[in-house]
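Q: Sending over a structure as structure tokens; questions will come in a sec.
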Amino acid sequence: MAVCSAAVIVEKANKYYGRPDKPDFKPVLKDMDMVVDRGIIYGLLGPSGCGKTTLLSCIVGRRKLDSGNVWVLGGRPGEKGSGVPGPRVGYMPQDIALVGEFTVRDAIYYFGRIYGMKMEKMMERFEFLSNLLDLPSGGRLIKTLSGGQQRRVSLAAALVHEPELLILDEPTVGLDPVLRERIWDFLAEQARRGTTVIITTHYIDETKQAHKIGLLRDGQLLAEDSPEDLLRKFDCDTLEEAFLKLAMRQHEMPRRRSTLTASPDVIPDSSMCTGVDSRYHSRDDFPTITSSTDVLTKKDKLKGNKKLTKSRYKAVFIKSIQQFARHPGGLIFSILFPIIQVVAFFAAVGHDPRDLQIGVVNDEAAFSPFGLKICSNTSLVTTVLQEDETCDLYMLSCWFLEEMEKKMLFPTVFNSTEEARNAVATGKLYGALHFSRNFSSALGKRVADGEVDDDIVEDSSVSVWLDMTNHQISNFMKTQLHKAYESFTRRAMIACGRPDNLVQIPVHFEKPVYGKSEPQVVSFMAPGILITIIYFLSAIVTSTLMITDRLEGVWERSAVAGVKPKEMLNVHITLQSVVILLQTIEMMALAFIGYGIPSVGSKLVCGLLLFLQGICGMCYGFLLSVYCNSHTMSFFVATGSFYPMILLCGILWPLEGMSYTLRMISLTLPFTIPSISLRDIMEKGATIMDKSVIYGFLTTIAWIVITLALIYLRLRFKKT
Amino acid sequence: MGDAKESKMSQIQFSPPFEKQESSVWQKRQQAVCVRHAFKHYGSKKRPNHVLSNLNMTVAKGTIYGLLGASGCGKTTLLSCIVGRRKLNSGEIWVLGGKPGTKGSGVPGKRVGYMPQEIALYGEFTIKETMMYFGWIFGMETKEIVDRLRFLLDFLDLPSENRMVKNLSGGQQRRVSFAVALMHDPELLILDEPTVGVDPLLRQSIWTHLVRITSSGDKTVIITTHYIEEARQAHCIGLMRSGRLLAEESPQALLQMYSCISLEDVFLKLSRKQVDQHTQQTVSLPGQANQVVELNVTGGALGLNKMSKREEAPYAAEDAQVVGLVFHQSKEVLIVDHGAGSNGDIPGKVTDVTPDCDDCGDCLNFTSRGKIKALIQKNFLRMWRNIGVMLFIFVLPVMQVILFCLAIGRDPSGLKLAIVNDDVRIIDGYCPYNSSCSMKNLSCRYLDNLNNHTIKEYYANLTDALKAVEDGEAWGALYFNENYTDSLVARLALADTADNETITSSEVQVWLDMSNQQIGLMLNRDIQFSYRDFAKDLLQTCEYNPKLGDIPIDFMDPIYGNKNPSFTDFVAPGVILTIVFFLAVALTSSALIVERMEGLLDRSWVAGVSPGEILFSHVVTQFVVMCGQTALVLIFMISVFGVKNNGNIVFVIMLTLLQGLCGMCFGFVISAACELERNAIQLALGSFYPTLLLSGVIWPIEGMPWVLRYVSLCLPLTLATNSLRSILTRGWPITDPEVYMGFVSTLAWIALFLIVTLTILKFKRN
């Protein structure tokens, strides 16, 4: 039994990528057996692509074998209570897998905290490790270090908690020979104290110092023996040559390969051992282990677990905050961008066009004794109330022009209609109007008699030529002309002592039920714009952060250190929520206070809805990061979904203008209904009890649930 | 091969020694690579990070030179200086008789083969396409490439030439990468860790091949490796540590000199020595450490290539003492040996600095076309192989156009109005009236005119109707009082003598829900217009002048556009341009970064491709893609959805294409400026919304504050949108200032973006 108290046992391991009947099928491990005794240095050698890294990640519980068994420190990796992944293993992956925004000290402390180490202890370890590994000063950012330095920090991070089992994937690549020697000495020292070390390396010769070497090629162990034995067996000077010989042998007889691993001359002792060990199927049957966690009673253990969870949360929190705060681009993007977007929107959209010039041909004034200057005469009397209650009208066109100027349309004088129309045709002006010579009197007659001949109708009309190509401007001019006419007639009627709405169209618009009688585009679009900004900002920030974490291997490494995906997600959600909260407050402050957008309803409900939308966007970002493997891909999907959603969500144009099917599609989008709700809150003062508001919240929550479910499904069924 | 070396050796011994002073320019040029007093540091001047400090290195022609050292010691920097990718801060480098990077030196270019540390190949290419790409860049004929490909496939034991690189195993990819470096049979082969993680069998065959190609004498190999032991097969090895060469010697000589059995031990010893010296140095003069370097001279041709002779190498010990002498001897040998090979460099022409590579002058002219062809084909293949990108390129614009045309600009329909009619008794929503000149039930006649977008719902009393509006069930309420018809008739008849009461009761009262601005305004307009229609209709049937019913403002036929302008026509030009612009930004902004990250850019650069050529190839590819996108967008907009085009379609197409180019150039700026892909993405996405809002696409710039209006005019899309709008809706020709300003500003932006990109690239390169 004592012989078999191995640190790691791998038995008949099989692992492949892709599907067996597809062209991308790629077997990685084929019926592989391996035994690592406690307290030794085990050198795992082999060319890249031979399955070393896959094997290691199976040992630390990051991947699962397709068939076969792995026992690590007496338990199965990934099982509860096995401590693997967790504090019992120290893992240094091949890539640096450290957050570039960390300082050297942060990186070490991060892992220390994950393992629940005390501050003093961490400081002590840091001092020790930075001396041992000749680390650069603790305050330098990792991304500014050279490759070799980064590698050393990465190694230090794996050593910080003095684990029972050290798994180092090429720790010495590209290191200075002096330093390499020092590391090996250190490892030997550790092994003497009982730590087990599994190390992969390219420098075959440096493994002379290992106690046992496994030569891995094409998913199988060619040999597993001590270096001296290997050299002796193959009668070589260097391990390099021994490996070459073995490789040649494998190459020559590929058929017989399957028998090779089982052949007693390669792994005589371990084959016996694995036979005995295969009885142990779970940790409970495994009596030999006396690790520190075992000694604790169950209650203590539970307490310890809780403490550990807490410290892990702390570690990941600090990591995420530092990562976020030290990344200026991301910081600007998430804090400043909402401001820029909101300001751009409020400043640019929805204001009435200013300084519009309109060409005026005023024949009435031109033929008057004073000419065109007559209008600038302030004491001009245009209406004279006669005894018989009739009204003499004179130079009413001047009044009309005055009213027009009040409505922000500025007249430019022309002498003939041709000139004025030409100016419009060449694009100098957006419109021209013409008063006939006896405009005032004709108008008077028209109003007084009700029924007049065509000439008078003709003369009493203002002719208008517009350039209708700019939708907003031409609409604006049309409405303004109408309004100018309205106030002009009111003024004239009052001067004549008539009811002021006599010449109006007999439709009276009362004070609107909701909103203002002169609605602003800004307040129409604002809810939608706010929602889209917060949705997409959090989607983009989240997806980039998550993909970066994954690509750089930080996620993987933390997972091996025992951080559960759930914990990572929770931390990210919490932090992102804080950012979203900030963004919400910032945007609402800008909109309501800075730009004075009227909001009738409760600001709290507004904020809540916006915040939930941000969360929804964040979930969408998670979804993107789970389904997309690269930044480019997620970028394409994000852009691809951004544009259609904006077009369809009713910000730019009301849903009622769409065809029925499209309207239904639009309603299912994550922020169509919420933007209606937000508009209702802001314009109508709807409370949270109103149906439309409730729908908004429900859709948002439904979308959050759906995206989370999709993420869960993907994570669940993705092959590891 | 042994014989060749043997003969060289004999010449070494018998050739007369040179004077030391003559170790001048042309001698440096006789070496394959000669580095003198090289200094290089990164970072600012105040806190420089020294990578190379006073480094000297000599690689003789026809040898394998193993450059050993830990990562971060400056190996890669040194190599990239040798191939001309980076420039030294001070010192000089001669490669194959010329200075790298100068005209006519052929470096970077055809004369060097470079295999970087990373795979640096396009995953989506088959082996054959990869070879074709690099072959064309080197200006080889297709037939020549195919022959060479056959040979290399066979030699390196590669699978079928039609396999994709990304489906190969790690070792196979590495072999393909090696094959690419061997492709054009270069004079100088630079291999950055070619054997890392390679199967021992393959490693052996690589070394065998290297030995073979150098045996002919006119090929030189510089190899860096981590496996110090395998460097025993090199003719000369340089041990590099913190920016200096600790030793430059044949492996045998090194082993003897330091009496070690393995090179590893030698390196360790030397490193220790340097550390000791360094500590001394802090006390004594700086620069003393260079002694080690100065002591050692090229062992180049001296070195014995075979391991069997490891123990001998009798003059190795002398090397350490007789410095200058051996140096010159070896030089002499090289001249004799390679005089013809290096284009007849006559020793007399010592001071003549101009490198004479006649064949290179030829190849420079000749390659340009091949290079461009290779680059363009590469770009297309990449796109073609990437389904996601293809979808993005061609489906997205179509989808956007379709959605835009379907979703935007149509008048809202099915709007409910709550109507309370006390004038006429309504039964089951039926409101009877007589369409002749009858003055009865006028409210019904009015309501009948109000039918285009609305659904009328009748309510019994006003409170209910208003409640319906408040609950959001209706968009507005209309109220006709009990004597509406009578008072309206009276008002029309009495004209200005009508009293207040008549006037008030002849009015329709309207309450609207104005919370949705578009809908509110539209209802407002509709209610007014339908009154006018109703009045005109009534007057006409009673044979009056219908204009009497209207207010006396006569909107004539508009000079441009039609009487009821559609929002779609207004936004369409802006939408066309933004789609094309931002798709181009999206496609290009990551293209360069991805290439740079995968190490491809470096590799192509060393192969002699200039930044200009890379940009040009992208421009061409993008242009073709854009033509497709423009065609799709315009066909869908104009033909399928009937957006009006009153102008010349040629100019429309031209302007759209130019805007696409402009977007592409903006993408280049982003990808040149951003180091990381994610930054580029954030920048590209972030710039989208503000540009859309500020460019007058959805709202005219006349509605902006003064300052913002000028800012907006400075954006690349603003003037172009105006111009396109003028062409499409007004039908203006190119001679109109508003139209040609769009073209001018687009061209100006393209130029500006290109200049910025090239400046950034140039700045980064140094």
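Q: Name the residue, out of A:Phe410, A:Phe476, A:Phe439, A:Phe509, that is more than 7 Å from every other protein chain (Cβ to nearest Cβ) and surrounded by fewer than 20 Cβ atoms within 10 Å (Cβ to Cβ).
A: Testing whether each residue is more than 7 Å from every other protein chain (Cβ to nearest Cβ) and surrounded by fewer than 20 Cβ atoms within 10 Å (Cβ to Cβ) leaves just A:Phe410.
Q: While we're on this one: Considering every residue within region A:612-625, establish whether at least one is at negative phi, among the hydrophobic types (A, V, I, L, M, F, W, C) and over 13 Å from the mean Cα position of the chain (by Cα).
A: Yes, region A:612-625 contains a residue that is at negative phi, among the hydrophobic types (A, V, I, L, M, F, W, C) and over 13 Å from the mean Cα position of the chain (by Cα).
Q: Any residue in region B:739-766 that is at negative phi sitting within a Cβ distance under 9 Å of a residue that is modelled with pLDDT of 95 or more? List the pairs, counting only those 6 or more apart or interchain.
A: Matching pairs, first to second residue: none at all.
Q: Looking at region A:651-684 only, could you name the residues that are more than 22 Å from A:Ile534 (Cα to Cα) and not in a helix (DSSP H, G or I)?
A: A:Met658, A:Ser659
Q: Taking the options B:Arg525, B:Arg532, name whichever one is more than 28 Å from A:Gly350 (Cα to Cα), surrounded by fewer than 18 Cβ atoms within 10 Å (Cβ to Cβ), within 10 Å of chain A (Cβ to nearest Cβ) and within 59 Å of the chain's Cα centre (by Cα).
A: Numbers: B:Arg525 fails: more than 28 Å from A:Gly350 (Cα to Cα).
Unique residue meeting the criteria: B:Arg532.
Q: Still on this model: Just for region B:418-447: of the residues that are hydrophobic (A, V, I, L, M, F, W, C) and more than 17 Å from B:Asn481 (Cβ to Cβ), which one is modelled with the highest pLDDT? Give the steps one after another, and end with the answer.
A: Residues of region B:418-447 that are hydrophobic (A, V, I, L, M, F, W, C), as a first pass: B:418-420, B:424, B:426-427, B:431, B:437, B:439, B:442, B:444, B:447.
If we keep only those that are more than 17 Å from B:Asn481 (Cβ to Cβ) too, we end up with B:427, B:437.
On the way: B:Ile427: 74, B:Cys437: 80.
Ranking the qualifying residues of region B:418-447, first place goes to B:Cys437.
Q: Okay, next question. Mind counting the residues in region A:633-658 that are among the β-branched types (Val, Ile, Thr) and facing chain B (nearest Cβ under 7 Å)?
A: Total meeting the criteria: 1.
Q: Scan region B:432-453 for residues that are more than 14 Å from chain A (Cβ to nearest Cβ) and crowded, with 21+ Cβ neighbours inside 10 Å and jot them down.
A: none
Q: Do the conditions hold for B:Ile727, that is, is it among the hydrophobic types (A, V, I, L, M, F, W, C), more than 8 Å from every other protein chain (Cβ to nearest Cβ) and touching a Leu at 6+ places or on another chain (Cβ under 9 Å)? Give the steps one after another, and end with the answer.
A: On the way: among the hydrophobic types (A, V, I, L, M, F, W, C): yes; more than 8 Å from every other protein chain (Cβ to nearest Cβ): yes; touching a Leu at 6+ places or on another chain (Cβ under 9 Å): yes.
Spelling it out, B:Ile727 is indeed among the hydrophobic types (A, V, I, L, M, F, W, C), more than 8 Å from every other protein chain (Cβ to nearest Cβ) and touching a Leu at 6+ places or on another chain (Cβ under 9 Å).
Q: Would you please name the residue that is farthest from A:Leu216 (Cα to Cα), looking only at residues in region B:194-242 that are touching a Phe, Trp or Tyr at 6+ places or on another chain (Cβ under 6 Å) and away from chain A (no Cβ under 14 Å)?
A: The qualifying residue farthest from A:Leu216 (Cα to Cα) is B:Cys236.
Q: Here's a follow-up. What's the number of the condition B:Gly696 fails, among (1) touching a residue at least 60 places away in the same chain (Cβ under 8 Å); (2) within 24 Å of the chain's Cα centre (by Cα)?
A: (2)
Q: Would you please name the residue that is nearest to A:Leu582 (Cα to Cα), looking only at residues in region A:599-632 that are surrounded by fewer than 19 Cβ atoms within 10 Å (Cβ to Cβ) and within 14 Å of chain B (Cβ to nearest Cβ)?
A: Across region A:599-632, the extreme among qualifying residues is A:Val600.
Q: If I filter region B:464-504 down to residues being among the polar types (S, T, N, Q), facing chain A (nearest Cβ under 10 Å) and crowded, with 19+ Cβ neighbours inside 10 Å, which single residue comes out as farthest from A:Asn501 (Cα to Cα)?
A: Within region B:464-504, the first condition is being among the polar types (S, T, N, Q), and the residues that meet it are B:481, B:483, B:485, B:487, B:497, B:500, B:502, B:504.
Next cut, facing chain A (nearest Cβ under 10 Å) only: B:487, B:497, B:500, B:502, B:504.
Now narrow it down to the ones that are crowded, with 19+ Cβ neighbours inside 10 Å: B:487, B:502.
Numbers: B:Ser487: 14, B:Thr502: 11 Å.
In this case the residue turns out to be B:Ser487.
Q: Is it the case, given these coordinates, that B:Glu677 is facing another protein chain (nearest Cβ under 8 Å) and touching a strand residue (DSSP E or B) at 6+ places or on another chain (Cβ under 8 Å)?
A: Details: facing another protein chain (nearest Cβ under 8 Å): yes; touching a strand residue (DSSP E or B) at 6+ places or on another chain (Cβ under 8 Å): no.
Against the criterion (facing another protein chain (nearest Cβ under 8 Å) and touching a strand residue (DSSP E or B) at 6+ places or on another chain (Cβ under 8 Å)), B:Glu677 does not qualify.
Q: Next up: In region B:392-408, how many residues are surrounded by fewer than 21 Cβ atoms within 10 Å (Cβ to Cβ) and among the small types (Gly, Ala, Ser)?
A: Of the residues in that region, 0 qualify.
Q: For region B:370-396, enumerate the residues that are touching a residue at least 24 places away in the same chain (Cβ under 8 Å), at the interface with chain A (Cβ under 10 Å from one of its Cβ atoms) and either basic (Lys, Arg) or assigned to a helix (DSSP H, G or I) (or both).
A: If the condition is that a residue be touching a residue at least 24 places away in the same chain (Cβ under 8 Å), at the interface with chain A (Cβ under 10 Å from one of its Cβ atoms) and either basic (Lys, Arg) or assigned to a helix (DSSP H, G or I) (or both), then B:Val389, B:Phe392, B:Ile393, B:Leu396 are the ones that fit.
Q: Another question about this same structure. Confirm whether A:Phe333 is under 26 Å from B:Gly696 (Cβ atoms), modelled with pLDDT under 80 and not small (Gly, Ala, Ser).
A: The answer is yes for A:Phe333.
Q: Do you know which residues across region B:545-571 are at the interface with another protein chain (Cβ under 7 Å from one of its Cβ atoms), more than 30 Å from B:Met637 (Cβ to Cβ) and part of a loop (DSSP other than H, G, I, E, B)?
A: B:Asn545, B:Ile551, B:Pro552
Quick grid of which residues meet (1) within 12 Å of another protein chain (Cβ to nearest Cβ); (2) among the hydrophobic types (A, V, I, L, M, F, W, C); (3) closer than 30 Å to A:Val424 by Cβ:
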position	(1), (2), (3)
A:His327	yes, no, no
A:Gly330	yes, no, no
A:Ser334	yes, no, no
A:Ala348	yes, yes, yes
A:Asp352	yes, no, yes
A:Asp355	yes, no, yes
A:Gly359	yes, no, yes
A:Asp363	no, no, yes
A:Phe367	no, yes, yes
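Q: Limited to region B:737-766, what total is found for residues that are acidic (Asp, Glu) and surrounded by fewer than 16 Cβ atoms within 10 Å (Cβ to Cβ)?
A: Residues flagged as acidic (Asp, Glu) and surrounded by fewer than 16 Cβ atoms within 10 Å (Cβ to Cβ) within region B:737-766 amount to 0.
Q: Just checking, how many residues over region A:685-697 are touching a residue at least 24 places away in the same chain (Cβ under 8 Å) and not in a loop (DSSP other than H, G, I, E, B)?
A: Residues that pass the stated criteria total 3.
Q: Find the residue count for region A:169-193, including only residues that are within 13 Å of another protein chain (Cβ to nearest Cβ), among the hydrophobic types (A, V, I, L, M, F, W, C) and farther than 23 Å from A:Pro47 by Cα.
A: 2
Q: Working only within region A:314-324, note down all residues that are within 13 Å of A:Val578 (Cα to Cα) and either of a type outside the set (Gly, Ala, Ser) or over 16 Å from the mean Cα position of the chain (by Cα) (or both). First the steps, then the outcome.
A: Taking region A:314-324 and keeping what is within 13 Å of A:Val578 (Cα to Cα), we get A:317, A:320-321, A:324.
A:Phe317, A:Ile321, A:Phe324, listed by residue number.
Q: Out of (1) in contact with a Ser or Thr (Cβ under 9 Å, 6 or more places away or on another chain); (2) of a type in the set (A, V, I, L, M); (3) more than 8 Å from chain A (Cβ to nearest Cβ); (4) touching a residue at least 24 places away in the same chain (Cβ under 8 Å), what's the single condition that is false for B:Ala684?
A: Status for B:Ala684: all satisfied but (3).
Q: Let me spell it out: the conditions are (1) modelled with pLDDT of 75 or more; (2) under 24 Å from A:Ile9 (Cα atoms), and A:Asp277 meets all of them except one. Which number is the exception?
A: (1)
Q: Mind checking whether some residue in region A:554-567 is farther than 24 Å from A:Arg113 by Cβ and touching a Phe, Trp or Tyr at 6+ places or on another chain (Cβ under 8 Å)?
A: Applying the first criterion (farther than 24 Å from A:Arg113 by Cβ) to region A:554-567 yields none.
No; the residues of region A:554-567 include none that is farther than 24 Å from A:Arg113 by Cβ and touching a Phe, Trp or Tyr at 6+ places or on another chain (Cβ under 8 Å).
Q: Of the conditions (1) within 8 Å of chain B (Cβ to nearest Cβ); (2) on the phi < 0 side of the Ramachandran plot, A:Glu419 clears all except one; give me its number.
A: (1)
Q: Which residues, counting only those in region B:197-209, are out of contact with any Gly (no Cβ under 9 Å at 6 or more places or on another chain) and crowded, with 22+ Cβ neighbours inside 10 Å?
A: Result: B:Pro200, B:Arg203.
Q: Based on this model, can you work out whether B:Glu193 counts as at positive phi and either among the basic types (Lys, Arg) or surrounded by 22 or more Cβ atoms within 10 Å (Cβ to Cβ) (or both)?
A: yes
The values are calculated or read from the model by the stated rules, or taken from the named source; none is laboratory data. These numbers come from a predicted model, not from an experiment. Here the Cβ is made from the backbone with ideal geometry for all residues, glycine too, and neighbour counts use every protein chain on show.
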